[in-house]
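Working notes, beginning with the structure itself.
The values are calculated or read from the model by the stated rules, or taken from the named source; none is laboratory data. Note that the coordinates shown come from a computational prediction; the quantities given were computed from them, not determined experimentally. All Cβ positions, glycine included, derive from the backbone under ideal geometry; neighbour counts span all protein chains shown. To get the accessible areas, we keep the full protein, side chains included, count just its heavy atoms, and leave off ligands, DNA and RNA. Shrake-Rupley method; radii C 1.70, N 1.55, O 1.52, S 1.80 Å.
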Amino acid sequence: MIDEVAYDEERLRDWTAGRARGFSRRSLLALVAAAGAAGLAPSPAHAADSPIVKPLPPELFKVFGTNAETRWSALKDQGYFVPIDRFFVRNHTSTPRLDASAWNLEISGAGLRGDTVHLTLADLRRLPAETHAVTVECAGNGRSYYSSQQGQTVSGTAWGLGAVGVARWRGVRLSTVLRRVGVRRDAVDVQASGLDPNYVTGGVDLGPVRRPMPLAKALDDVLLAYEMNGEPLPPDHGHPVRLIVPHWIGIASIKWVGRIEVSTEPLFSPWNTQFYRLFGPEFPADGLPFDKQVIKSAFELDPGTTFTAGKRVRLTGRSWSAGGPIRKVEVSTDGGATWRHARFTGPSWAGTWQRWELDWRPGSGAYELLARATDVHGRTQPEVARYNTLGYLFDAVVRVPVTAA
Ligand SMILES: Nc1nc2c(c(=O)[nH]1)N[C@H]1C(S)=C(S)[C@@H](COP(=O)(O)O)O[C@H]1N2
Ligand SMILES: [Mo]
């Protein structure tokens with residue numbers, strides 16, 4: 001296991017002390033000044049063409065500018081994996097159209113034993129391949145519930161619970177590639193950069209989307225993925241190659257990877273200093289860094305659904321935790337007054353979700369449905385999520401209004 005908390009805290013100390021190459025505290029202050037009243041929340045301008053390539057029919061997606069969230073009702077009667085046509089998309093700018101035959105991956109940096117190398121997709125495909133079921137979830141998934149359920153003001157995309165998906169990702173382990181290229185003993189961090197357009201916010205060009213991770217994580221379970229659910233990676237999900245970083249927040253899984261830097265000193269980017277930190281009254285002034293996801297549950301229905309009164313309905317849903325497999329899921333159909341255990345359906349692969357169901361016969365009226373998961377380590381969903389101004393890591397039990405008539 002990688003001690004992510006220790007890593008995050010050490011990087012925070014480096015950064016606060018001004019020992020930051022790549023994205024210093026000074027550049028952040030300049031950025032904050034430039035952003036002014038606009039605040040720090042990402043609010044990219046709309047591209048002229050659609051920023052997302054695949055169709056986004058309203059029965060499958062809710063669109064927020066450059067992003068699209070999966071409707072949970074669109075996962076009912078689907079299999080374990082989220083099909084590509086309904087997998088959520090989180091783009092800081094827009095999906096680039098990359099030609100796989102012209103693409104190559106540059107691996108460089110002081111942490112390499114030799115010179116910069118370039119690998120083509122054919123090079124990667126010649127290396128041993130692995131397929132893993134992995135959850136990709138935006139750190140801001142569930143953000144809208146900070147305001148709608150907790151009455152708090154947060155900034156960023158107002159996701160419901162649909163900024164998450166589980167897919168089968170096939171590719172080569174990053175460790176396989178790094179070991180073949182040759183990494184020095186004193187290498188420290190590994191940072192992938194995307195080939196999508198630079199992210200510009202508040203008039204400041206933050207450069208390509210990128211985020212560092214410790215070498216130990218890069219050598220552990222990270223994949224350079226070129227297939228999703230048995231298909232070549234589609235344009236919106238990183239074609240031709242993306243990182244898949246199990247258990248970590250979605251931003252770690254850099255899409256459209258063009259370059260990987262291996263450093264002998266700590267690396268910083270706006271995506272681990274300015275964004276993806278917990279800011280707010282409970283947290284240090286420079287924000288608390290985090291990498292790992294939390295625990296959540298969702299019903300496979302849209303809020304506001306109307307059922308037929310007196311008729312049995314099978315409620316279905318999914319629960320997931322980055323901490324480990326789900327041990328139990330409790331469901332309440334009366335706003336939290338009483339709880340019943342949901343029945344698990346089908347398998348659950350490590351680090352991904354558990355599907356469940358529960359039968360219910362509502363009389364006519366208005367109801368609030370709640371689902372609360374607990375993982376094997378006893379971590380359970382709280383009633384209230386820890387407030388932070390950017391609205392990350394919402395893990396509280398969500399109240400879903402429905403009616404029966
Ligand atoms: N190059 C690049 N990689 C990226 C992003 C991006 O905008 N550009 N968004 C990140 C974020 S915030 C998330 S949550 C995931 C979303 O992956 P998906 O769009 O395949 O669902 O991709 C991550 N990788
Ligand atoms: Mo994200």
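Below is a table of values for the structure above.
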{"quantity": "Cut-off 17 Å (backbone N to label point 7 Å along Cα→Cβ of K292), residues of the stretch 320-349", "calculated": "320-327"}
{"quantity": "For the stretch 141-265, accessible area per residue (1.4 Å probe, heavy atoms of protein chains only), Å²", "calculated": "30 Å²"}
{"quantity": "Environment charge of S175, counting only residues whose C-beta is closer than 14 Å and scoring Lys/Arg +1, Asp/Glu -1", "calculated": "+1"}
{"quantity": "Protein accessible area in the chain, 1.4 Å probe - carbon and sulfur %", "calculated": "52 percent"}
{"quantity": "Summed side-chain charge close to G324 - residues other than G324 whose Cβ falls under 10 Å, Lys, Arg +1, Asp, Glu -1", "calculated": "+1"}
{"quantity": "Within the stretch 77-95: backbone nitrogen closer than 14 Å to the E59 label point (7 Å, Cα to C-beta)", "calculated": "77-78, 86"}
{"quantity": "Relative contact order (%) - the chain, alpha-carbon pairs under 8 angstrom, separation at least six", "calculated": "18 percent"}
{"quantity": "Heavy-atom accessible area per residue - the stretch 292-342, 1.4 Å, Å²", "calculated": "40 Å²"}
{"quantity": "Dipole-positive endmost among M213, G140, A404 within the chain (Cβ charges, Cα centre)", "calculated": "A404"}
{"quantity": "Coil-residue trypsin sites (Lys or Arg not before Pro) of the stretch 52-134, DSSP, other Cβ within 10 Å capped at 16", "calculated": "K76, R97, R113"}
{"quantity": "Fraction of beta bridges assigned by DSSP in the chain that are antiparallel (%, nearest 5)", "calculated": "90 percent"}
{"quantity": "Low-density loop positions, trypsin sites (Lys or Arg not before Pro), the stretch 309-381 - DSSP coil, at most 12 other Cβ in 10 Å", "calculated": "K311, R312"}
{"quantity": "Most mobile of S101, S147, S193 in a GNM of the chain (Cα contacts under 10 Å)", "calculated": "S101"}
{"quantity": "Total charge dipole magnitude, the stretch 295-404, about the Cα centre, Cβ charges on Lys, Arg, Asp, Glu only, Debye to nearest 20", "calculated": "260 debye"}
{"quantity": "The chain, dipole about Cα centre (Lys/Arg Cβ +1, Asp/Glu Cβ -1), debye to the nearest 20", "calculated": "520 debye"}
{"quantity": "The stretch 376-405-the stretch 249-273 distance, computed between alpha-carbon centres (Å)", "calculated": "29 Å"}
{"quantity": "With at most 12 neighbouring Cβ atoms within 10 Å, loop GluC sites (Glu not before Pro) (DSSP) excluded, longest segment of the chain", "calculated": "60-281"}
{"quantity": "Cβ-defined net charge surrounding A192, 10 Å radius [Lys, Arg +1; Asp, Glu -1]", "calculated": "+4"}
{"quantity": "Euclidean distance of C-alpha centroids, the stretch 300-368 and the stretch 86-159, integer Å", "calculated": "30 Å"}
{"quantity": "Accessible solvent surface per residue of the stretch 59-131, calculated while the other protein chains remain in place, 1.4 angstrom probe, Å²", "calculated": "46 Å²"}
{"quantity": "Exposure of H118 as accessible area (Å², to 10), given a probe of 1.4 Å and all protein chains", "calculated": "110 Å²"}
{"quantity": "Max mean-square fluctuation residue, GNM over the chain, Cα-Cα springs under 10 Å, options P96, P284, P51", "calculated": "P284"}
{"quantity": "Cα gyration tensor shape of the stretch 295-404, rounded if a/c is under 1.5, else prolate or oblate by comparing a/b with b/c", "calculated": "oblate"}
